[in-house]
Amino acid sequence: MNALYNAGMHLYTGAAHLAGAGSVKIRHMLAGQAETPGRLAALRDKLAPGGFDVWIHAASLGEFEQSRPVIEALLKNKPELSILLSFFSPSGYEVRHNFDPRVGVVYLPFDTPDKVSRFLDAASPRMAIFVKYEFWGNYLTELHKRHIPTYIISSIFRSKQIFFRPWGGMFRKMLRCFDHIFVQDDRSRRLLSGIGIDNVTVAGDTRFDRVTAICSKQREMPEADIFMAAHKDSFTMVFGSSWEKDEDVYMPVLREHKDVCAIIAPHEFDSQRLELMAKRLGKDETMLYSELSKLYSESPDKAREAAGRARFLIVDCFGLLSSLYRYADAAYIGGGFGTGIHNINEAAVYGIPVVFGPNYSKFNEATELIARGGAFSISDSRQFGKLFGRLISDGPFRTEAGRKSATYIASKVGATATIMKDIFKIEP
């Protein structure tokens with residue numbers, strides 16, 4: 001890449017080190033990056049003495065869920081291939097670094113020329129797959145120079161992105177480093193074609209395949225079963241990936257409705273945040289998932305008794321949310337009062353109505369599901385209260401919205417099969 005881009009990357013790296021003084025998350029990322037060379041060497045010895053056959057990069061946990069169907073298809077159909085998975089964010093690495101013993105997992109170093117060369121020398125990948133929005137100029141340029149086939153999957157493009165601006169030439173060069181681009185929709189294909197990039201396939205979004213697989217497996221969750229059995233006659237809403245701004249909207253409404261219960265999974269949590277959530281909801285009516293789990297291991301009867309006293313179950317562990325939606329009559333997806341909503345497909349696949357805040361325009365599935373009548377956006381507590389009341393009282397309305405959600409998800413399945421066929425010549 002050019003000197004301007006590299007200067008920006010060095011400034012970005014320096015800023016991250018400064019910000020690490022006040023952020024545990026950033027400190028974890030920096031510490032993880034420092035361990036990457038040693039970890040890569042150990043992984044090479046264990047999994048890929050001759051270099052990794054496939055390197056997949058997912059920025060965070062959400063992008064990992066998009067790459068996961070491809071990884072699992074490779075593990076099933078091409079078990080001889082060695083796979084390296086990299087993350088940039090601790091929210092991905094810390095949750096999934098033990099994803100599968102056959103997959104090596106590392107932090108991706110910053111996109112500076114020296115770090116890029118060292119990483120690629122150490123990993124020695126024969127193929128690279130990026131997920132959705134990952135456009136790192138030095139990585140892409142160096143992969144291209146080394147003639148390493150490079151792809152991006154589940155990508156989506158919008159006209160306001162820098163690639164389509166008159167001054168975006170440097171970034172358009174990044175796109176030309178990909179051997180093939182798999183996009184979510186035809187609008188993205190048309191935008192790319194308009195700047196002369198036609199090595200594009202409209203494959204769809206692999207997240208639809210992932211949530212469909214989760215839905216079909218019916219993971220055993222005895223703690224959730226106990227909680228729901230204690231409230232079998234109550235309307236239940238699952239609040240997934242909840243942020244404080246979301247809670248400002250829905251918690252007052254929950255407190256007003258004494259005949260409902262809720263399962264709440266905060267996007268991030270620590271002891272202070274959990275204490276605040278319990279205080280806002282009412283400590284006497286709230287319990288943590290970990291508390292219920294501990295009680296269950298000691299005495300299922302005591303767990304049932306405690307679950308009956310609590311209307312609100314706060315999930316203080318990772319990896320459960322996508323399966324918890326099956327217990328819901330409706331779901332609220334967090335993030336819509338911040339930078340953007342989280343994964344609505346995880347809930348919609350269970351055939352339930354989905355609710356979220358106003359910041360959803362960057363997510364095709366949200367716009368499309370609203371148009372079909374399976375999802376609803378609210379902008380304040382008053383709107384949420386009105387919709388919440390109707391979801392509780394109007395069974396036909398709730399059932400029809402849920403049906404539309406399930407039908408929409410089913411219509412979008414198939415991206416993984418297209419990608420596997422085109423890249424790895426594996427027929428579905």
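Overview of values
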{"quantity": "Search result, residues across the stretch 97-108 that are of a type outside the set (A, V, I, L, M) and crowded, with 21+ Cβ neighbours inside 10 Å", "calculated": "Gly104, Tyr107"}
{"quantity": "Count - residues of the stretch 58-117 that are more than 17 Å from the chain's Cα centre (by Cα) and part of a helix (DSSP H, G or I)", "calculated": "10"}
{"quantity": "In the stretch 192-213, residue nearest to Val349 (Cα to Cα) [restricted to those that are of a type in the set (A, V, I, L, M, F, W, C) and surrounded by 20 or more Cβ atoms within 10 Å (Cβ to Cβ)]", "calculated": "Val211"}
{"quantity": "Close pairs from the stretch 89-103: first more than 13 Å from Lys25 (Cβ to Cβ) and in the same structural domain as Leu75 (by TED's automatic domain parsing), partner among the polar types (S, T, N, Q) and modelled with pLDDT of 95 or more, Cβ under 9 Å, at least 6 apart", "calculated": "Arg102/Ser82; Val103/Ser82"}
{"quantity": "Conditions (1) in contact with a Leu (Cβ under 9 Å, 6 or more places away or on another chain); (2) over 30 Å from Lys160 (Cα atoms); number of the one not met by Leu192", "calculated": "(2)"}
{"quantity": "Residue check, Glu134 crowded, with 18+ Cβ neighbours inside 10 Å, assigned to a loop (DSSP other than H, G, I, E, B) and among the acidic types (Asp, Glu)", "calculated": "yes"}
{"quantity": "Some residue of the stretch 329-345 being over 21 Å from Gln184 (Cβ atoms), buried (at least 16 other Cβ atoms within 10 Å of the Cβ), assigned by TED's automatic domain parsing to the domain that holds Asp248 and touching a His at 6+ places or on another chain (Cβ under 7 Å)", "calculated": "yes"}
{"quantity": "Checklist (1) within 30 Å of Asn98 (Cβ to Cβ); (2) free of Cβ contacts under 8 Å to residues at least 12 places away in the same chain applied to Lys302, failing item", "calculated": "(1)"}
{"quantity": "The one condition in (1) touching a His at 6+ places or on another chain (Cβ under 7 Å); (2) within 22 Å of Phe182 (Cα to Cα) that Arg68 fails to fulfil", "calculated": "(1)"}
{"quantity": "Neighbours by Cβ (under 7 Å, 6+ apart or cross-chain): first from the stretch 357-372, within 13 Å of Arg187 (Cβ to Cβ); second modelled with pLDDT under 95 and among the aliphatic types (A, V, I, L, M)", "calculated": "Asn364/Ile156"}
{"quantity": "Scope the stretch 310-328; condition surrounded by 15 or more Cβ atoms within 10 Å (Cβ to Cβ), of a type in the set (Phe, Trp, Tyr) and not in a helix (DSSP H, G or I); matching residues", "calculated": "Phe312"}
{"quantity": "Single residue of Ala224, Ala265, Ala307, Ala303 found to be buried (at least 21 other Cβ atoms within 10 Å of the Cβ), of a type in the set (A, V, I, L, M, F, W, C), under 26 Å from the mean Cα position of the chain (by Cα) and assigned to a helix (DSSP H, G or I)", "calculated": "Ala224"}
{"quantity": "Residue within the stretch 243-256 that is in a strand (DSSP E or B), assigned by TED's automatic domain parsing to the domain that holds Phe384 and among the β-branched types (Val, Ile, Thr) present", "calculated": "no"}
{"quantity": "In the stretch 373-426, the residues that are surrounded by 15 or more Cβ atoms within 10 Å (Cβ to Cβ), within 24 Å of Asp246 (Cα to Cα) and basic (Lys, Arg)", "calculated": "Arg398"}
{"quantity": "The stretch 176-207, residues that are under 14 Å from Lys132 (Cβ atoms) and either outside any helix (DSSP H, G or I) or not basic (Lys, Arg) (or both)", "calculated": "Phe178, Ile181, Phe182, Val183, Gln184, Asp185, Ser188, Ala203, Gly204, Asp205, Thr206"}
{"quantity": "Candidates Arg68, Arg44, filtered to the one that is surrounded by 14 or more Cβ atoms within 10 Å (Cβ to Cβ) and more than 17 Å from Val131 (Cβ to Cβ)", "calculated": "Arg44"}
{"quantity": "Single condition Lys362 does not satisfy, out of (1) of a type outside the set (Val, Ile, Thr); (2) in a helix (DSSP H, G or I); (3) at pLDDT below 95; (4) surrounded by fewer than 21 Cβ atoms within 10 Å (Cβ to Cβ)", "calculated": "(2)"}
{"quantity": "Hey, Gly351 surrounded by fewer than 22 Cβ atoms within 10 Å (Cβ to Cβ) and at pLDDT 95 or above or not", "calculated": "yes"}
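Here is a yes/no grid of residues against (1) over 26 Å from Thr416 (Cβ atoms); (2) modelled with pLDDT of 95 or more; (3) of a type in the set (D, E, K, R):
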site: Val200; (1), (2), (3): no, yes, no
site: Arg210; (1), (2), (3): no, no, yes
site: Lys217; (1), (2), (3): no, no, yes
site: Asp233; (1), (2), (3): yes, no, yes
site: Ser241; (1), (2), (3): no, no, no
site: Arg255; (1), (2), (3): yes, no, yes
site: Asp259; (1), (2), (3): yes, no, yes
site: Asp270; (1), (2), (3): yes, no, yes
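The values are calculated or read from the model by the stated rules, or taken from the named source; none is laboratory data. It should be emphasised that the depicted structure is a prediction, and the values quoted were computed from it without experimental measurement. Glycine gets a Cβ as well: all are built from the backbone with ideal geometry, and neighbour counts include every protein chain shown.
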